[in-house]
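Read the structure below first, then the notes.
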Amino acid sequence: MTTERRTPLDRTRVADTALKLLNEVGLDGLTLRAIAKELDVKAPALYWHFKDKQALLDEMATEMYRRMVAGTPLGPADTWQERLLKSNRGLRAALLRYRDGAKVFSGSRFTGIEHAEQMEDNLRLFTTAGFTLAQAVRATSATYFYTLGFVTEEQGVEPLPGERREGYDVAQRARLMADFPLSAQAGAEMFEDYDRHFEEGLALVIAGIEARYPVG
């Protein structure tokens, strides 16, 4: 008779397993049954911890956020522009670690209030710089939504770094659109070099915030 004891099943273990499985099967293939099989338990055992798939996605998004914060050092001397750059670069990097990471994160509800500490720090930085609270919320939300939308589209082309979905060959696209030369050439700007593309877009958003709210 074996004396080996299983690791107890809890929310953290389920969410961690789900995030690992996400990279293999994507969001559409991520079912409670598949996660239960990976954990070597019966599916009903998961319902003790999560009432449905959305509740699990909420916990997965929360765990993604915890890992993002741990890997994104923010300095007390940051300017508000530096804080937006660091936060959104960190968010993009965190989302890109997982297949469909942006889809999981977008629209999910955090299961705790860990995010409140960083939110409070960000809002204090902005209001100290001269933003009203409403302006601070608009500025941080605009860059956050930009990053979520950007990564959603990026992962539609490259589900994981190094992968590329069929139909996004830039040279083939250019040949098909040869009668529309500007649109054909635009493919290289739209579907390649996402790092540069992201940085330029984020800089545009921040420049817009500077123009709209000339504080300090």
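The values are calculated or read from the model by the stated rules, or taken from the named source; none is laboratory data. Note that the structure is a prediction, hence the values are computed from the model and not measured. Don't worry about glycine lacking a Cβ; one is built from the backbone with ideal geometry, like all the others, and counts go over all protein chains shown.
Inspection of region 52-68 finds no residue satisfying the criterion of being of a type outside the set (G, A, S), crowded, with 19+ Cβ neighbours inside 10 Å and within 25 Å of G208 (Cα to Cα).
Being small (G, A, S) and touching a helix residue (DSSP H, G or I) at 6+ places or on another chain (Cβ under 6 Å) is the filter here; which residues of region 179-209 pass it? Outline the logic, then answer.
In the first step, residues of region 179-209 are kept if they are small (G, A, S); the result is 183-184, 186-188, 201, 203, 207-208.
Once the filter is applied, which keeps residues that are small (G, A, S) and touching a helix residue (DSSP H, G or I) at 6+ places or on another chain (Cβ under 6 Å), region 179-209 yields A184, G187, A188.
The residue that is surrounded by the most Cβ atoms within 10 Å (Cβ to Cβ), among those in region 109-127 that are touching a Ser or Thr at 6+ places or on another chain (Cβ under 8 Å) and not in a helix (DSSP H, G or I), is T111. Against the numbered list (1) at pLDDT below 90; (2) under 14 Å from the mean Cα position of the chain (by Cα); (3) of a type in the set (D, E, K, R), D100 comes up short only at (1). Out of A36, A43, one residue alone is surrounded by 16 or more Cβ atoms within 10 Å (Cβ to Cβ), over 20 Å from P161 (Cβ atoms) and without any contact (Cβ under 8 Å) to a residue 60 or more places away in the chain. It is A36.
Within region 199-216, restricting attention to residues that are in a helix (DSSP H, G or I) and more than 26 Å from the chain's Cα centre (by Cα), the residue that is surrounded by the fewest Cβ atoms within 10 Å (Cβ to Cβ) is A211. Considering region 128-166, the residues that are assigned to a helix (DSSP H, G or I) and aromatic (F, W, Y) include one that is farthest from S87 (Cα to Cα), namely F150. Only one of the listed residues (G71, G75, G90) is closer than 18 Å to F198 by Cα and either without any contact (Cβ under 8 Å) to a residue 24 or more places away in the chain or small (G, A, S) (or both). That residue is G90.
Yes or no, residue by residue, for (1) more than 30 Å from G26 (Cβ to Cβ); (2) touching a Phe, Trp or Tyr at 6+ places or on another chain (Cβ under 7 Å):
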{"site": "V157", "(1), (2)": "no, yes"}
{"site": "L160", "(1), (2)": "no, no"}
{"site": "A174", "(1), (2)": "no, no"}
{"site": "A188", "(1), (2)": "no, no"}
{"site": "A203", "(1), (2)": "yes, no"}
{"site": "G208", "(1), (2)": "yes, no"}
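Residue count for region 159-175, restricted to those that are free of Cβ contacts under 8 Å to residues at least 24 places away in the same chain and within 28 Å of K103 (Cβ to Cβ): 11.
Just checking, does region 105-117 include any residue being at pLDDT below 95, under 23 Å from P159 (Cβ atoms) and hydrophobic (A, V, I, L, M, F, W, C)? Among the residues of region 105-117, at least one is at pLDDT below 95, under 23 Å from P159 (Cβ atoms) and hydrophobic (A, V, I, L, M, F, W, C), which makes the answer yes.
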